[in-house]
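Engineer: Next up is a structure, given as structure tokens.
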Amino acid sequence: MAAKLKKFLLRYYPPGIILQYEREGVMKQKPIDLLDLTPDVDVEVLLSQIIRQEPLISENRRPALRQLIHRLIDKMLEQQHHSFTLFKVLRAHILPLTNCAFNKSGDRFITGSYDRTCKVWNTFTGEEIFTLEGHKNVVYAIAFNNPYGDKIVTGSFDKTCKLWDAYTGQLYYTLKGHQTEIVCLSFNPQSTIIATGSMDNTAKLWDVETGQERATLMGHRAEIVSLGFNTGGDLIVTGSFDHDSRLWDVRTGQCVHVLSGHRGEVSSTQFNYAGTLVVSGSIDCTSRLWDVRSGRCLSVKQGHTDEVLDVAFDSAGTKFVSASADGTARLYHTLTGVCQHSLVGHEGEISKVAFNPQGTRLITASSDKTCRLWDCETGDCLQVLEGHTDEIFSCAFNYEGDFIITGSKDNTCRIWKALTASSQPGGAPGGAGGAGRPSTAFTYND
């Protein structure tokens, strides 16, 4: 039986259109990624290309598709947020914070702490919604199951991981099996699997539905400090203090490639959105770009004079950045490998770096007690977010890019709001565009 197109869903970051279709009575989704979309694209040529390549889309869909492409372009042309102001200071925990993270819609965020709890907060009011209690040691790694945002996972030094209902605070499962502290974790984008990385040199995969262990990923010779899924959810990358990163097949739990070459501990790893590349950062002062299919190192990026502590791709994967203990960040063009900007200004190490969803801004969190906002196009520092009284180790944008959270060793979390912010409680951000919560849908009943 032929598939039947039911809806177009719009995805803003990275740009794309998701086709919702029906086959044999089952609703399915298929993305059309437009990662290279720019405002000056020839829309009619692009439309013809999509219609030619995608059997689900017929010529009579051209007007609706045209409208969606123009919506994506309009989004790109929207005014960028240049300036942020302090919105709230949250005295979050009685003991130091470990991490903070937004949900997809940005109306909630979570903080983990040495006080053995994770707290859930309302971004727009700064109020604590509830506290997730039960761990017997430091809550170190935390995450929402974005884009859905209805579950939270917490990883602890008590060797366990806990899965919670993000709306009620109810505990679903305690995931037991690691021999030592859990220091990194992630949901797959489909929200069916949780991966945890531990000081016991292993990573484990867990079933979200049942709380059962699905696989143990064995092979690293030192602790695993970084992990992440690709967009498809079928591969996972792990970075370890044994100087290597590894790619694993999620279905089988088998190691596909060992990404070997760094001369020091790996600190950070990430897939690009297309899942074709991995970037890794190391205390050997370099970052490396790897080809996922072959496991080959494509390039070694030098230039830092101290440990690389964090690396990140932007949402479309066209740029990546490395942040270092030398107090600088280096911004690269993925395709050419050229270092476009060295971001200089901090007076202490940069432990965390993050792009806004548009890929136009970058924030860096530093031990100099400040967070800096940078323009990716020019490399200019647009603003210094000042006020924390100790090292900042965590920073993040919300999905619209108009709120920033920073977490510091001063035991506070600060919410910064763009002067041009459009996000409102229960408003725009809740819908803005992923496969989980699309912003626009065109329905067909024919």
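The values are calculated or read from the model by the stated rules, or taken from the named source; none is laboratory data. Everything numeric here is computed off the predicted structure, so don't read it as measured data. Because the Cβ atoms are built from the backbone with ideal geometry, glycine has one as well, and the counts that use them run over all protein chains shown. Please note that ligands, DNA and RNA were not included when accessible areas were found on the heavy atoms of the full protein model with its side chains. Shrake-Rupley method; radii C 1.70, N 1.55, O 1.52, S 1.80 Å.
Engineer: Which residue, of 213, 209, is out of contact with any strand residue (DSSP E or B) (no Cβ under 9 Å at 6 or more places or on another chain) and acidic (Asp, Glu)?
Structural biologist: Residue meeting the stated conditions: 209.
Engineer: What pairs come up if the first residue lies in the stretch 329-352 and is of a type in the set (Lys, Arg), the second is not in a strand (DSSP E or B), and their beta carbons are under 6 Å apart, counting only those six or more places apart or on different chains?
Structural biologist: Close Cβ pairs satisfying both conditions: 330/303.
Engineer: Enumerate the pairs (first residue in the stretch 404-433 and farther than 17 Å from residue 109 by Cα and modelled with pLDDT of 70 or more; second residue anywhere and open to solvent by 30 Å² or more (accessible area, probe 1.4 Å) and among the aliphatic types (A, V, I, L, M)) with beta-carbon separation below 6 Å, excluding pairs fewer than 6 apart on the same chain, so at least 6 apart or on different chains.
Structural biologist: Close Cβ pairs satisfying both conditions: 422/428.
Engineer: Of all the strands (runs of 3 or more DSSP E) wholly in the stretch 162-233, which have at least 3 residues that are over 17 Å from the mean Cα position of the chain (by Cα) and either modelled with pLDDT of 95 or more or on the phi > 0 side of the Ramachandran plot (or both)?
Structural biologist: 171-175, 203-207, 213-217
Engineer: Based on what the data block shows, is residue 209 closer than 20 Å to residue 148 by Cα, open to solvent by 50 Å² or more (accessible area, probe 1.4 Å) and acidic (Asp, Glu)?
Structural biologist: yes
Engineer: Next question. Any idea which of 289, 331, 298 is within 22 Å of the chain's Cα centre (by Cα) and farther than 23 Å from residue 401 by Cβ?
Structural biologist: 289
Engineer: Sticking with this structure for a sec: Tell me whether the stretch 296-306 contains one or more residues that are hydroxyl-bearing (Ser, Thr, Tyr), under 29 Å from residue 383 (Cβ atoms) and out of contact with any Cys (no Cβ under 6 Å at 6 or more places or on another chain).
Structural biologist: yes
Engineer: Related question: For the stretch 55-69, state whether one or more residues are within 25 Å of residue 189 (Cα to Cα), open to solvent by 20 Å² or more (accessible area, probe 1.4 Å) and part of a loop (DSSP other than H, G, I, E, B).
Structural biologist: Looking through the stretch 55-69, at least one residue is within 25 Å of residue 189 (Cα to Cα), open to solvent by 20 Å² or more (accessible area, probe 1.4 Å) and part of a loop (DSSP other than H, G, I, E, B).
Engineer: Oh, and also: How many residues, within the stretch 252-281, are aromatic (Phe, Trp, Tyr) and open to solvent by less than 50 Å² (accessible area, probe 1.4 Å)?
Structural biologist: The number of residues fulfilling the criteria is 1.
Engineer: For residue 45, only one of the following conditions fails: (1) open to solvent by less than 60 Å² (accessible area, probe 1.4 Å); (2) of a type outside the set (Gly, Ala, Ser); (3) modelled with pLDDT of 95 or more. What is its number?
Structural biologist: (1)
Engineer: Sticking with this structure for a sec: Kindly provide the set of residues from the stretch 212-251 that are farther than 25 Å from residue 289 by Cα and either in contact with a Pro (Cβ under 8 Å, 6 or more places away or on another chain) or open to solvent by 20 Å² or more (accessible area, probe 1.4 Å) (or both), ordered by number.
Structural biologist: Passing the criteria: 212, 213, 214, 216.
Engineer: Could you list, in sequence order, the residues of the stretch 1-33 that are open to solvent by 70 Å² or more (accessible area, probe 1.4 Å), assigned to a loop (DSSP other than H, G, I, E, B) and in contact with a strand residue (DSSP E or B) (Cβ under 7 Å, 6 or more places away or on another chain)?
Structural biologist: Answer for the stretch 1-33, where residues must be open to solvent by 70 Å² or more (accessible area, probe 1.4 Å), assigned to a loop (DSSP other than H, G, I, E, B) and in contact with a strand residue (DSSP E or B) (Cβ under 7 Å, 6 or more places away or on another chain): just 1.
Engineer: Same structure, new question: Before we move on, is residue 406 among the β-branched types (Val, Ile, Thr), out of contact with any strand residue (DSSP E or B) (no Cβ under 6 Å at 6 or more places or on another chain) and either buried (at least 22 other Cβ atoms within 10 Å of the Cβ) or under 26 Å from residue 113 (Cβ atoms) (or both)?
Structural biologist: So residue 406 fails the test.
Engineer: Search the stretch 103-129 for residues that are touching a residue at least 24 places away in the same chain (Cβ under 8 Å) and under 16 Å from residue 407 (Cα atoms) and pair each with any residue that is open to solvent by 30 Å² or more (accessible area, probe 1.4 Å) and among the small types (Gly, Ala, Ser) when their beta-carbon atoms are under 9 Å apart and the residues are at least 6 apart or on different chains.
Structural biologist: Pairs that qualify, where the first residue is touching a residue at least 24 places away in the same chain (Cβ under 8 Å) and under 16 Å from residue 407 (Cα atoms) and the partner is open to solvent by 30 Å² or more (accessible area, probe 1.4 Å) and among the small types (Gly, Ala, Ser), are 117/134.
Engineer: May I pose another question? Identify the residue in the stretch 165-179 that is in contact (Cβ under 8 Å) with a residue 24 or more places away in the chain and over 21 Å from residue 131 (Cα atoms) and, among all such residues, is surrounded by the fewest Cβ atoms within 10 Å (Cβ to Cβ).
Structural biologist: Selected residue: 177.
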